[in-house]
Protein chains: 4
Amino acid sequence: MPIVSHIKLKRAMTVSDVAKEMEAVRVLGPGRFGKAARILAEMFRDKNYQNLISLAGPIIPGGLRTIITELVDRRLIGGVVTTGANVTHDMLEAIGHRNIVGSESMDDRILRRKGLSRIYDLLVTQKGIEHLERTTHRMLNRIPEGRRQNIASYELLWEFGKQLRDENSLLRTAQKRGVPIFCPGIFDSMLGLNLWTYSRINSLFINPFKDFSRLVDMTYEKKKVGAVILGGGMPKHHVLIANSYRGGVDAAIQITLDRPEGGGASGAPLEEAISWGKIKTPNKLVTIVGDAIVIFPFLTLAALERAKA
Amino acid sequence: MPIVSHIKLKRAMTVSDVAKEMEAVRVLGPGRFGKAARILAEMFRDKNYQNLISLAGPIIPGGLRTIITELVDRRLIGGVVTTGANVTHDMLEAIGHRNIVGSESMDDRILRRKGLSRIYDLLVTQKGIEHLERTTHRMLNRIPEGRRQNIASYELLWEFGKQLRDENSLLRTAQKRGVPIFCPGIFDSMLGLNLWTYSRINSLFINPFKDFSRLVDMTYEKKKVGAVILGGGMPKHHVLIANSYRGGVDAAIQITLDRPEGGGASGAPLEEAISWGKIKTPNKLVTIVGDAIVIFPFLTLAALERAKA
Amino acid sequence: MPIVSHIKLKRAMTVSDVAKEMEAVRVLGPGRFGKAARILAEMFRDKNYQNLISLAGPIIPGGLRTIITELVDRRLIGGVVTTGANVTHDMLEAIGHRNIVGSESMDDRILRRKGLSRIYDLLVTQKGIEHLERTTHRMLNRIPEGRRQNIASYELLWEFGKQLRDENSLLRTAQKRGVPIFCPGIFDSMLGLNLWTYSRINSLFINPFKDFSRLVDMTYEKKKVGAVILGGGMPKHHVLIANSYRGGVDAAIQITLDRPEGGGASGAPLEEAISWGKIKTPNKLVTIVGDAIVIFPFLTLAALERAKA
Amino acid sequence: MPIVSHIKLKRAMTVSDVAKEMEAVRVLGPGRFGKAARILAEMFRDKNYQNLISLAGPIIPGGLRTIITELVDRRLIGGVVTTGANVTHDMLEAIGHRNIVGSESMDDRILRRKGLSRIYDLLVTQKGIEHLERTTHRMLNRIPEGRRQNIASYELLWEFGKQLRDENSLLRTAQKRGVPIFCPGIFDSMLGLNLWTYSRINSLFINPFKDFSRLVDMTYEKKKVGAVILGGGMPKHHVLIANSYRGGVDAAIQITLDRPEGGGASGAPLEEAISWGKIKTPNKLVTIVGDAIVIFPFLTLAALERAKA
């Protein structure tokens, strides 16, 4: 029977070195982290994997914009499913608005008066949000009306990507690389409000069925599908349900602070998805209980180093 | 300075009696529960409130179908924003498929072979899901094609409600009462798959902008808006963002097990929404940390009794 | 196969009525709540049960002092294992100091200057704490030195109970009823500091081995042992480990917001304790994920009503 | 106003490099991780710090035994406050018993029959536990009776450390380095049971007041006190309360998955402790929401590298 071992620290360890030590622990949190690094390395290394990542929670505003963009740029990720908020934040930064460091104990009424909106201890400027509305409308005007009358969210976001000048932008990079950014809840975000106001006086029909057809098609393009699930919500569920036609994903890792007992999809163990045909096997699954924006940078580094080796 | 008191139990206490004892505690969990009962009673009593409820997690399959339906039937709730899963479950039961009691430690591969799909310790039959697909397609056929070409989710769900025979059905009751059920992520559910398969060979275009226009309009129909938030996800965010045009909701309660520190919208304190203009004031806000499907029945009973008094 | 049902609300429902509706749900949170009410009713009704309760977190200051005292007074609870903080709070109130309603967003430096100490949104007065030190020393002086030289925590707390005048006091009531209050971490509390300062100039030897002998003996006094676990920590573990000599408790319910994946005892599922011989069987176990001070009042009421029926 | 930045990944980054990137994010989880690395580096670098670490949850069995031992060996940690379980596990390994890799879905009744006890997905052998009982009694016999009659837990654990042969043992290393291991709940553990059975036929009196006197003295030995809090429970509270005489610790980091809203000490924000005089200032405090045994290895590496630089 395999034995639990202990992590040994050495000088100037790389993240991958630590992940290997954790994999040898084999149990509890370190064991799960180590296993996730191994699975993610396999997804990155094996060209037969179509890797889909889901983004919920403040992944882009919370400091991971460059990481997600780089993974898309290197085509280590073949498709992204995200909340509207993450797309909104990519665009805000792309048009020059950076978020501000605040505190979770600020008085929200005062912030409101100052034109600052809070995400825990991060502040977004209303000025940026207003600028985004004007920019979005302008960018929409540049899309031919015929195209606007029946457009998928991923097509729309490519159109935006084409018009953005920021090389660090996820949308820009995704468009250049032909990686689709699916945003099934695009209506439910600051960006979504802009689309809605536009649609009231102009032709704009976003067709989620077109998105879903494309996403399902993608699950058949390579031999295997890998799912990288950051946070829960609709993005998590969407990546998994799209794979139910092909019998489920082949490997999946999720990082979440949500709990399973309530029965919601966000905190559900990946194993449950096997009974729905959304995941194939329990062998290549792992859940890390933690904050995705803390854990994922370490996990990515570990996997990139291992994938190379 | 107000003093913390202690809960006294008496014989045959009603839930409202307990809630009053808890309100007198004034601090920690009991204080929050008591405050929520008071706010909810006000929302139920005061005819100037337009009450919107958001449903995320297994609210309908987890035992609260009758409660939510009754609140809609009595028009104590004026609008519902829900995940597709909750709608799917209402329809499954309406066409005769009940869920089965399982266990969280069942082997999901075996369940898959048996045609059972798991939500923690609850089992859904694939037979029901297949029946639902046929029924959905049949119900869609009965909707005039012209209407299907540009339909809001709430209109579609009313059309379904009209065709369902189950008096306990949320969709049926909502249609009878003219209460809209908004489902911004309808595409992302078993029902959504049925809509998608239908749309590939028939005319079906669901227009989320129509939904959002209706939802925003509703926020202006009465003097005040009350938000009852069960779980997080897109339904929570959607109810709040729709109120940003009118300057925010007037009162809100949320029940959640998600945590705030990660920065995701699901676990975010309601106070944050003030800085976004989605909530007006900190005075009538409360978050109960707990499982919505355990807490909400008690809370509803307490509020109904108080609203009457 | 059993079917999931839905909660029906009626007018003036008692808490027990709701618990029965929840038991019929059979799954997820409501199922667990209903099962817990049934198990607790059995513990209360069946005279063969020795019921032990563990208290961690702000059970006494958070509004449940009267409830716990009543259960001890009616001997529905045969023994209590608690943190030192809960004992400290019982004594503070017994000598006339009530806690004050605060807010979780108060500035702790200002509170410090004002002589107020914070537990989330509850404030404790330093004046009370200083009064408690003097009172504790005086009460210790009244205990014969011979007894003080080798005293168990439960004996010491009985001695204090004897000297307290407050009929609502848990310590007072426990002493009158001969119910031991075990406090294995008594040293680690405000009261503990008082004991320590006293011990530096007077004879005082608290002997935890005496406590443990008594606690283990208690597990043999009746045919069955029931464990009611509010929060985790040392009190939870202590109740369970004391039962390992007799092969484990016969029934147990726990209410906690801690999670299992980290591997700590506080959040551990009760089933784990079977492998340690601390619980006998998986049949009469249930964990409710929730805030103990919100859930336990409802659970107690439901169980008391059912135990009578 | 400071701006939120994004993490940039590079080849073969050390953990310290990542921590610096996270510190620059300044908000949310990465910001907290980066701040914690900076504070911990200061604690390690500045010789004026008396660093106290608290261990709750499976820190030692979960893979961090070598790390904690190394920090004690290098005297970067001056004192340890721990649960009895962590001490038990150090001793089990020191006498040759390693833990076994299991799974969280194992049947606990079968494990019980096989003599295996479970901590989530880690298995402890009953054989080891029985061996430990014999060894503990033998080691106790070698301690002079006079010393056994009034011994602090830290003195007892040094006596054990002296008799253990394993150079990786925390107890052994702590004894060699003169670092006290305080175990205020030593009675409440497998080791505690051994002490209790011994005490029933031999002289053994463990005096927690002696422990507390030593711990309080330690808080005065250097200019500053730093607290490193892994998990919650009594160890966390104990480190903090011991510092209340000197006006509080100067810096503290905690890693926990417990939540604050319930009001328990385990999940309480460090800021609360300022109002109790257990922490001096809000400037050098940080809480990381996460699994301590995943986060602390990365944090330690980052801090060690920075402390050197």
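Return the average number of partner chain Cβ atoms within 10 angstrom of each residue Cβ along peptide B:276-283. Intermediate values should be presented prior to the final figure.
Working: counts 11, 4, 1, 2, 2, 2, 4, 0.
Across the residues of B:276-283, the mean count of other-chain Cβ atoms within 10 Å is 3.
Taking a probe of 1.4 angstrom, what is the accessible area of D:Lys176 in Å², to the nearest 10?
110 Å²
Mind grabbing the interface size between A and B? I mean buried accessible area, both sides, 1.4 Å probe, in Å² to the nearest hundred. Don't jump to the answer; show the numbers that get you there.
Working: alone 15070 and 15060 Å², together 24950 Å².
Buried: approximately 5200 Å² between B and A.
Would you calculate the separation in nanometres between label points at B:Arg45 and C:Glu221, each defined as 7 Å from the Cα along the Cα-to-beta-carbon direction?
Simple spin-label model gives 4.8 nm for this pair.
Give, to the nearest whole percent, the P(r) tail of the stretch A:188-295 beyond 20 angstrom, counting all Cα pairs. Can you show the working numbers first?
Values: 2798 of 5778 pairs.
Summing the P(r) tail past 20 Å for the stretch A:188-295 gives 48 percent.
What accessible area, in Å² to the nearest ten, does a 1.4 Å probe give for C:Thr66?
Spelled out: C:Thr66, probe radius 1.4 Å, area about 30 Å².
Restricting to DSSP loop positions (anything but H, G, I, E, B) with no more than 16 other Cβ atoms inside 10 Å of their own Cβ, which GluC sites (Glu not before Pro) remain in the stretch B:143-179? Before the final figure, lay out the partial values.
Numbers: sites: B:Glu145, B:Glu155, B:Glu159, B:Glu167; in loops: B:Glu167.
Taking the stretch B:143-179 and a limit of 16 other Cβ atoms within 10 Å, the loop GluC sites (Glu not before Pro) found are B:Glu167.
Any idea what the alpha-carbon Rg over 2.2 N^0.38 Å comes to for chain C? Walk me through the numbers before you get to the answer.
Numbers: Rg = 20.0 Å, N = 309, 2.2 N^0.38 = 19.4 Å.
It is 1.03.
Counting partner chain Cβ atoms within 10 Å of every residue's Cβ in A:117-129, what's the average? All intermediate terms of the calculation are to be shown ahead of the outcome.
Numbers: counts 7, 9, 10, 13, 8, 7, 4, 3, 1, 3, 0, 0, 1.
Average per residue, whole number: 5.
So for each of A:67-74, A:80-87 I average, over its residues, the number of other beta carbons within 10 Å; can you give me the resulting order with the highest mean first? Show your work: numbers first, answer last.
Values: A:67-74: 21.0, A:80-87: 28.5.
Packing order, densest peptide first, comes out as A:80-87, A:67-74.
Nearest-to-axis residue of chain C, judged by Cβ, for the C-to-B rotation, with distance in whole Å?
Per the C/B rotation axis, the closest residue of C reads C:Gly290, 2.
Would you calculate, for chain B, the mean residue ellipticity at 222 nm contributed by helices, counting each DSSP H stretch of 4 or more residues as -39,500 (n - 2.57) and dividing by all residues, to the nearest 500? Could the numbers behind the result be given before it?
Working: 14 runs with 147 residues, N = 309.
It lands at -14000 deg cm²/dmol.
Please report Rg (one decimal) and Dmax (integer) in Å for the Cα set of the stretch D:52-104.
Cα-based Rg and Dmax for the stretch D:52-104 come out at 11.6, 36 Å.
What's the angle, to the nearest 10 degrees (0 to 90), between helix B:190-199's Cα axis and the longest principal axis of chain B?
40 degrees
Sorted by accessible area (1.4 Å probe), largest first, how do C:Tyr120, D:Tyr198 line up?
Details: C:Tyr120 30, D:Tyr198 5 Å².
Greatest to least solvent exposure: C:Tyr120, D:Tyr198.
On a 0 to 90° scale, report how tilted helix A:15-25 is relative to the longest principal axis of chain A, with both axes built from alpha carbons and the result rounded to the nearest 10.
50 degrees
Using a 10 angstrom cutoff on alpha carbons, build the Gaussian network for chain D and name the most mobile of D:Leu170, D:Leu122, D:Leu270.
Taking springs between Cα atoms under 10 Å, the residue moving most is D:Leu122.
Quick one: pull the percent of accessible area on the stretch C:140-297 belonging to carbon and sulfur, 1.4 Å probe, ligands and nucleic acids left out.
Details: 2190 of 4620 Å².
The value for the stretch C:140-297 is 47 percent carbon and sulfur by accessible area.
List the equivalent ellipsoid semi-axes of the stretch A:167-243 in whole Å, largest first, each obtained as the square root of 5λ for an eigenvalue λ of the Cα gyration tensor. Write down the numbers at each step before the final one.
Values: eigenvalues 120, 47, 38 Å².
Ellipsoid semi-axes (Å, largest first): 25, 15, 14.
Order C:Ile229, A:Ile119 by their accessible area, 1.4 angstrom probe, all chains in place, largest first.
Numbers: C:Ile229 0, A:Ile119 20 Å².
From most accessible down to least: A:Ile119, C:Ile229.
In the stretch D:253-267, what residues drop by 30 Å² or more in accessible surface going from the chain by itself to the full protein assembly, probe 1.4 Å?
Residues losing area: D:Leu257, D:Asp258, D:Arg259, D:Pro260, D:Glu261, D:Gly262, D:Gly263.
With the alpha-carbon atoms as the only input, what is the per residue convex hull volume for the stretch C:102-261 in Å³?
Details: hull volume 26.1 nm³, N = 160.
Value for the stretch C:102-261: 163 Å³ per residue.
Just for the Cα atoms in the stretch A:51-139, what are the lengths along the principal axes, largest first, rounded to whole Å?
Extents along the principal axes, in whole Å: 43, 33, 18.
Calculate, for the stretch D:1-105, the solvent-accessible area per residue in square angstrom, rolling a 1.4 angstrom probe over the heavy atoms of the protein chains.
On the way: 3150 Å² over 105 residues.
Per residue, the stretch D:1-105 has an accessible area of 30 Å².
Which whole number gives the average, over all residues in C:191-198, of C-beta atoms from other chains lying within 10 Å of the residue C-beta? Kindly include the intermediate steps, with their values, before the conclusion.
Details: counts 0, 6, 6, 0, 3, 6, 2, 1.
Other-chain Cβ atoms within 10 Å of each residue's Cβ, averaged: 3.
Roughly what angle does helix D:84-94 make with the longest principal axis of chain D, taking Cα atoms, 0 to 90 degrees, to the nearest 10?
70 degrees
Using a 7 Å offset from Cα along the direction of the beta-carbon, what are the separations from D:Lys47 to the same position in each other copy, nm, ascending?
Spelled out, the distances from D:Lys47's label point are 5.9, 7.3, 8.1 nm.
List the distances, in nm to one decimal, from the label point of B:Ile201 to the label points of the same position in every other copy, shortest first, placing each label point 7 Å from Cα along the Cα-to-Cβ direction.
In nanometres, ordered from closest: 4.4, 8.2, 9.2.
Find, to one decimal place in angstroms, the Kirkwood hydrodynamic radius of the protein assembly as shown, where the mean of 1/r is taken over every pair of different Cα atoms and then inverted.
Values: mean 1/r = 0.0324 Å⁻¹.
Value: 30.9 Å, from the Cα pair sum.
Would you please classify the overall shape of the stretch D:1-56 from the alpha carbon gyration tensor, given that a ≥ b ≥ c denote the square roots of the eigenvalues, rounded means a/c under 1.5, and beyond that prolate means a/b larger than b/c while oblate covers the rest?
Numbers: a/c = 2.14, a/b = 1.69, b/c = 1.26.
Prolate is the answer for the stretch D:1-56, as a/c is 1.5 or above and a/b outweighs b/c.
What does the copy distance list look like for A:Glu221, label position 7 Å along Cα→Cβ, in nm and ordered from shortest?
Values, ascending and in nm: 4.4, 6.3, 7.1.
In terms of the Cα gyration tensor, with a ≥ b ≥ c the square roots of its eigenvalues, is the stretch A:117-187 rounded because a/c is under 1.5, prolate because a/b exceeds b/c, or oblate?
Working: a/c = 1.76, a/b = 1.47, b/c = 1.20.
Prolate, because a/c is 1.5 or more and a/b exceeds b/c.
How large is Rg/Rh for the stretch D:257-309, to two decimals, with Cα atoms and a Kirkwood Rh?
Values: Rg = 13.6 Å, Rh = 12.9 Å.
Rounded to two decimals, Rg/Rh equals 1.05.
Using +1 at the C-beta of Lys and Arg and -1 at the C-beta of Asp and Glu, which of C:Ala94, C:Gly128, C:Leu76 has the Cα lying farthest in the positive direction of the dipole of the stretch C:65-134?
Positive-most Cα among the choices belongs to C:Gly128.
Measuring from label point to label point, each 7 Å out along Cα→Cβ, what is the B:Tyr245 to A:Thr197 span in nm?
Here the modelled spin labels are 1.1 nm apart.
Show me, for the stretch C:107-113, the HN-Hα J-couplings you get by feeding each phi into the Karplus relation (A = 6.51, B = -1.76, C = 1.60, θ = phi - 60°), rounded to Hz, glycine and proline as x.
Karplus-based 3J(HN,Hα) across the stretch C:107-113 equals 7, 5, 5, 5, 4, 4, 5 Hz.
Classify the stretch D:26-68 as rounded, prolate or oblate, taking a ≥ b ≥ c as the square roots of the eigenvalues of its Cα gyration tensor: rounded when a/c is under 1.5, otherwise prolate if a/b is larger than b/c and oblate if not. Before the final figure, lay out the partial values.
Details: a/c = 2.61, a/b = 1.22, b/c = 2.13.
It comes out oblate by the Cα gyration axes.
The values are calculated or read from the model by the stated rules, or taken from the named source; none is laboratory data. All values reported here derive from a predicted model rather than from experimental measurement. Every residue, glycine as well, gets a Cβ built from its backbone with ideal geometry; the counts of neighbours run over all protein chains shown. We work out accessible area using only protein heavy atoms, side chains counted, and drop any ligands, DNA or RNA first. Shrake-Rupley method; radii C 1.70, N 1.55, O 1.52, S 1.80 Å.
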